[in-house]
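Written out below as structure tokens is the structure these notes cover.
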Amino acid sequence: MPTRVLRPLLAWLAVAAVLGLTWFALRLSTAEPVGAAMPTVAQHAAAPRAAFRLLDHRGREVTERDLRGAFTLVYFGYTSCPSVCPTTLTDIAVAMESLEPDGPEVRALFVTVDPARDTPATLATYVEAFHPRLVGLTGSEAQIRDAARSFRAHYRTAGDVEDADYLVDHSAFVYLIGPDGRMLTYFPHGTSAKAMTAEVRARVAGNR
Ligand code: NI
């Protein structure tokens, strides 16, 4: 093929390739989870494994070993959170209630990202308002940081901590941990109690 034809042809092919890749990347970034299923974190060995050593709202030490043998919903937040945490914890409580008559009890943990204010006593009053079996967890700043890291949860204190009403920005996923301590899936903020219940039920039944 003569060069004067080949050059423009190659240029057009390059442009087409770039456009194609851009389209593909945009599609990936806006893709919805397939079907009704929640995003699956990973199968088997690649799934993040929960790891933490914290104090519960009654002052007892809890580690990831205590999660073994049951399904556990885990959520990171803080008791002074104005709206996201109360909404999510209400959904978790409703999901726990609807799952109870089915048999295997599902546990739920609320890990604070604000250990400076969320002492075990503060957590106790807070979690009991949502569900009698919701467990509040706190610890040192380092323990909270390590726990969050193992779940890939993020948080950052916003504003001046000298101000008593400071806010903490945080990711708001609800994680589902399997009986072997591995993360099975996570629910984005705004997932209904009904959707969480359905997903947990499917996992407990081994259908997913
Ligand atoms: Ni919150």
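The values are calculated or read from the model by the stated rules, or taken from the named source; none is laboratory data. Please read all numbers here as calculations on a predicted model, not as lab measurements. Methodologically, a virtual Cβ is constructed for each residue, glycine included, from the backbone with ideal geometry; neighbour enumeration extends over all protein chains shown. The accessibility values were calculated without ligands, DNA or RNA, using every heavy atom of the protein model including side chains. Shrake-Rupley method; radii C 1.70, N 1.55, O 1.52, S 1.80 Å.
Worth a mention:
- Check: the range 124-201 dipole with +1 on Lys, Arg Cβ and -1 on Asp, Glu Cβ, in debye: 600 debye
- Averaging the Cα positions of each part gives two centres, and for the range 84-151 and the range 47-61 these lie 11 Å apart.
- Accessible area (Å², per residue) of the range 67-208, counting only protein heavy atoms and a probe of 1.4 Å: 45 Å²
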